[in-house]
Amino acid sequence: MCGIVGVLGNHEVAPTLVEALKRLEYRGYDSAGIATVNDGQLDRRRAVGKLVNLSDLLVHEPLAGKSGIGHTRWATHGAPTTINAHPHQAGPVAVVHNGIIENFRELRTELAAHGLTPSSETDTETVAMLTQHHMSEGLSPVEAAGKTIDRLNGAFALVFLFEGQDNLMIAARRGSPLAIGHGDGEMYVGSDAIALAPLTDRITYLDEGDRAVITRTSVEIRDAKGRLANRAIKQIQMDAARIDKAGYKHFMAKEIAEQPTVLADALRGYLDGDSIILPGEPLDFTKIERMTMVACGTAFYACLTAKYWFEQLAGLPVEVDVASEFRYREPPITANTVALFVSQSGETADTLAALRYCREKADRIVSVVNVAESSIARESDLALPIHAGVEVGVASTKAFTCQLNVLLLLALKAAADRGRLSPEALSDTLASLRALPGILNVALDRGGVIRKAARRIAESRDVLFLGRGLMYPLALEGALKLKEISYIHAEAYASGELKHGPIALIDKSVPVVVMAPRDTLFDKTVSNMQEVMARGGKVLLITDAAGAAEAGQDVWQTVILPEVPPVLSPLLYAIPAQLLAYHTAVAKGTDVDQPRNLAKSVTVE
Ligand code: F6R
């Protein structure tokens, strides 16, 4: 979603701001802008669409100044227009903002009584206007911003810049992350450390409720209660923040191809011989009676897969819900329940709210995250890193398989702790898991046949995905991936549900992707597949050699994957699902890495 940068520099900042915003492009946005203070004057440039439009504008209308703020906007209040783009300015105040100000209408009414009217449709402009109003009453910039922040309801990360103040930025965090970067006589602010990586590797993460007064040589942070707060400066791994396509055409292609490597690294982080090692205080699965798993989107499908694992392997009942439903459902949390939250970004607003709902109710709050410094990680009793590395493509790929990996290890540990998996069986499964990165490489080699099928699928209006058991969540994930980057309508069903309605959709124009390794459910899935073919449906069967030999004769296309123990099949079958979506999107010529309307980190509900 929206991205923020701020720089108090010793040189012209406009190019630095645009460069930093480029590093935030992956979060998804529809307009961008920067503001600077030059000779005491605030000025700004804003443009709709990609950053290149802002860069072009700056060529024709340069913006001078050594201090400035910048923003990429993902529209919430008001269409993506230049007027609605950030930074917003009201008199001597410019503001950039991530999140939502829930009481902006009420504040607008108040400001109208003072003769102040907005020029945009945004909630953010109200923040600038209220600060302007407080300054007109005689307050200093710091006092005025502070008084404004006190009035705001909702979730936000804010950075303020002021006319006549070339050496001052004010930053505030409530609900949306914000990091301060320390340079040499320069200071930076960013909505994540990735934006600041080329500028500095010394980062201070603001805590929830923090406000910071920043100059080129100082940072004063106060906590939510107004007390001076000492927040550590952390040295971040520059490598971890590296963003490049490494020769691939898209980040998504690179991230799909990286899966064998990141999975092998992740496994090394969790395995010591035949022991599964978790960081922090151990989870005692013998005492746990129930698990509640909550997430959104792809991370939700990882949870749905994990439900099968935990229930089948460990005999542990698992409830799974999407965070936006869970948080308002007020679900009872019974004794000895572990609440587990899965999130790549660790900042998803609904997932974070669901975690907070469980805070005093569940026995333990566990999270499975990619961003170690994220809010969800920080607010968990136990945060399990997935070690996927930075994921830039908006469509989640390597994070999904790495989430599956951690969830599977957790389920195996639960099964072993609860005496449902012998040490020998655990050792065998771990050996297969260690061999999996090599097998994923074989699946990646199937790219050619998938690309061929994708060219035909690109011409379709609707696509169905079918799967049973562990393949059902994978079918859901395959359909989500396809629709989000190719804009083709795709739906997934548990194969057994076909006859209860969706079969009405089948005709020869609808490709049906059937995910079916030759496991105990194979025959049943194949029966459903026959029902599709009997009605002219065009089946793309993704299976293994035994499955293809048995059922691959009359289907439209077959993708043959290596055989793996059934429990590992979700990690393997994720690859053709991702490749199919990717090649279809490429064939359609859509924006693969930044699909329309989507954001990488969904920090509003
Ligand atoms: C789909 C996708 C989204 C995310 C969802 C949750 O490809 O990426 O569905 O999975 O927005 O995001 P996180 O995992 O950051 O909580």
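Every number here is computed from the coordinates shown, using simple stated rules; none is lab data. Note that the structure is a prediction, hence the values are computed from the model and not measured. All Cβ positions, glycine included, derive from the backbone under ideal geometry; neighbour counts span all protein chains shown.
Across every direction, the projection of the convex hull enclosing the Cα atoms of the range 362-418 has a mean area of 4.6 nm².
Length available on full extension from Asp207 to Thr117: 0.36 nm per residue minus the Cα-Cα distance, which gives 29.1 nm. Counting 0.36 nm for each residue step from Asp272 to Ala335 and taking away their Cα separation leaves a gain of 19.5 nm. Once the mean of 1/r is taken over each pair of separate Cα atoms and inverted, the chain shows a Kirkwood hydrodynamic radius of 25.4 Å. Note on the range 450-518 and the range 102-166: Cα centroid distance 49 Å, given to the nearest whole angstrom.
Working from the alpha-carbon coordinates of the range 500-605, get Rg over Rh, Rh being the Kirkwood radius. Could you put the intermediate results ahead of the total?
Values: Rg = 16.2 Å, Rh = 15.6 Å.
We get a ratio of 1.04 for the range 500-605.
Please give the Cα centre distance for the range 173-200 versus the range 35-95, rounded to the nearest Å. Each part reduced to its Cα centre gives a spacing of 19 Å.
Projecting the Cα atoms of Ala171, Ile439, Cys2 onto the charge dipole of the chain (Cβ charges, centred on the Cα centre) puts Ile439 farthest toward the positive pole. The phi torsions of the range 436-443, fed into the Karplus equation with coefficients 6.51, -1.76 and 1.60 and a -60° offset, translate into couplings of 4, x, x, 6, 4, 4, 5, 4 Hz, rounded to whole numbers, with Gly and Pro shown as x. Shape summary: the range 384-465 maps onto an equivalent ellipsoid whose semi-axes, from the alpha-carbon gyration tensor, are 33, 16, 14 Å in decreasing order.
Positive end of the dipole of the chain (Cβ unit charges, origin at the Cα centre): among Ser136, Gly68, Ser422, the Cα lying farthest that way belongs to Ser422.
How would you order 77-85, 325-333 from highest to lowest mean count of nearby Cβ atoms within 10 Å?
Numbers: 77-85: 17.1, 325-333: 14.8.
The peptides rank, most packed first, as 77-85, 325-333.
The stretch between Ala64 and Thr81 holds 3.8 nm of extra length on full extension. This uses 0.36 nm per residue minus the Cα-Cα distance.
Among Lys361, Lys225, the ranking by other beta carbons within 10 Å of each residue's beta carbon, starting with the fewest, stands as Lys225, Lys361. Taking the three principal axes of the alpha carbon atoms in the range 185-273, the coordinate ranges are 47, 36, 20 Å, sorted in descending order. From largest to smallest, the equivalent ellipsoid semi-axes obtained for the range 189-346 from the alpha-carbon gyration tensor read 34, 25, 17 Å. Sorting Ser120, Ser601 by the number of Cβ atoms found within 10 Å of their own Cβ, with the fewest placed first, yields Ser120, Ser601. Across the range 195-239, Cα-Cα pairs more than 16 Å apart make up 44 percent of the total. Note on Phe156, Phe522: ascending count of other Cβ atoms within 10 Å places them as Phe522, Phe156, the fewest first.
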